[in-house]
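Below is one structure, written out as structure tokens; the observations come after it.
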Amino acid sequence: MTRPATVDATFRALGDPTRRRVVELLRAGPASMTELSHPFAITLTSLSKHLDILEESGLVRSTKVGRVRTYRLVPSRLESAEHWLAKQRTMWERRLDQLDEHLKTMREEGS
């Protein structure tokens with residue numbers, strides 16, 4: 001079962017384009033903050049704040065070895081959002097199918 005707080009935190013974290021791009025980069029594998037910073041024209045402080053939000057949401061985990069902090073994606077947290085979206089898609093597909101049937105019936109009755 002998907003907990004609403006989990007889904008809310010996931011969507012809140014993914015609501016920013018920089019954080020979505022970080023998630024995309026981490027799909028390729030773990031990376032340090034320095035490695036993650038290359039595609040962005042922002043300060044390391046700003047990137048650090050984005051990474052903190054991703055960590056708080058559970059989408060990303062980090063480990064520190066010496067002075068290097070490495071970030072990795074936690075795919076299972078994306079699954080909660082994916083599950084919620086799938087339920088919404090199913091509901092809307094069903095509603096649109098019902099509308100289509102209703103419109104066909106109206107057309108047939110009007111002929």
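Of the residues that make up region 82-100, is at least one in contact with a helix residue (DSSP H, G or I) (Cβ under 6 Å, 6 or more places away or on another chain), closer than 22 Å to Asp8 by Cβ and at pLDDT 90 or above?
Checked against the condition, which is being in contact with a helix residue (DSSP H, G or I) (Cβ under 6 Å, 6 or more places away or on another chain), closer than 22 Å to Asp8 by Cβ and at pLDDT 90 or above, region 82-100 yields no hits at all.
Across region 61-81, what is the total count of residues that are of a type in the set (A, V, I, L, M, F, W, C) and farther than 18 Å from Phe11 by Cβ?
Here is the first cut: in region 61-81, the residues of a type in the set (A, V, I, L, M, F, W, C) are 65, 68, 73-74, 78, 81.
Remaining after also requiring farther than 18 Å from Phe11 by Cβ: 65, 68.
So the answer is 2.
This table checks each residue for (1) modelled with pLDDT under 95; (2) among the β-branched types (Val, Ile, Thr); (3) outside any helix (DSSP H, G or I); (4) surrounded by 14 or more Cβ atoms within 10 Å (Cβ to Cβ).
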site	(1), (2), (3), (4)
Met1	yes, no, yes, no
Thr6	yes, yes, no, yes
Val22	no, yes, no, yes
Leu25	no, no, no, yes
Leu36	no, no, no, yes
Ala41	yes, no, yes, no
His50	no, no, no, yes
Ile53	no, yes, no, yes
Thr70	no, yes, yes, yes
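Residue under question is Leu85, and the condition is that it be under 15 Å from the mean Cα position of the chain (by Cα) and among the aliphatic types (A, V, I, L, M); does it hold?
On the way: under 15 Å from the mean Cα position of the chain (by Cα): yes; among the aliphatic types (A, V, I, L, M): yes.
It is true that Leu85 is under 15 Å from the mean Cα position of the chain (by Cα) and among the aliphatic types (A, V, I, L, M).
For region 42-79, what are the residues that are within 13 Å of Leu26 (Cα to Cα) and among the aliphatic types (A, V, I, L, M)?
Leu51, Leu54, Leu59, Val60, Leu73, Val74, Leu78
Of the residues that sit in region 55-68 and are among the aliphatic types (A, V, I, L, M) and assigned to a strand (DSSP E or B), which one is nearest to the chain's Cα centre (by Cα)?
Val60
Does Gly58 satisfy the criteria of being among the small types (Gly, Ala, Ser) and either in contact with a Pro (Cβ under 7 Å, 6 or more places away or on another chain) or farther than 27 Å from Phe11 by Cβ (or both)?
Criteria not met by Gly58.
The values are calculated or read from the model by the stated rules, or taken from the named source; none is laboratory data. What you see is a predicted model; the values in this text were computed from it and never measured. When we count neighbours, we look across all protein chains shown, and the Cβ atoms used for this are built from the backbone with ideal geometry, even at glycine.
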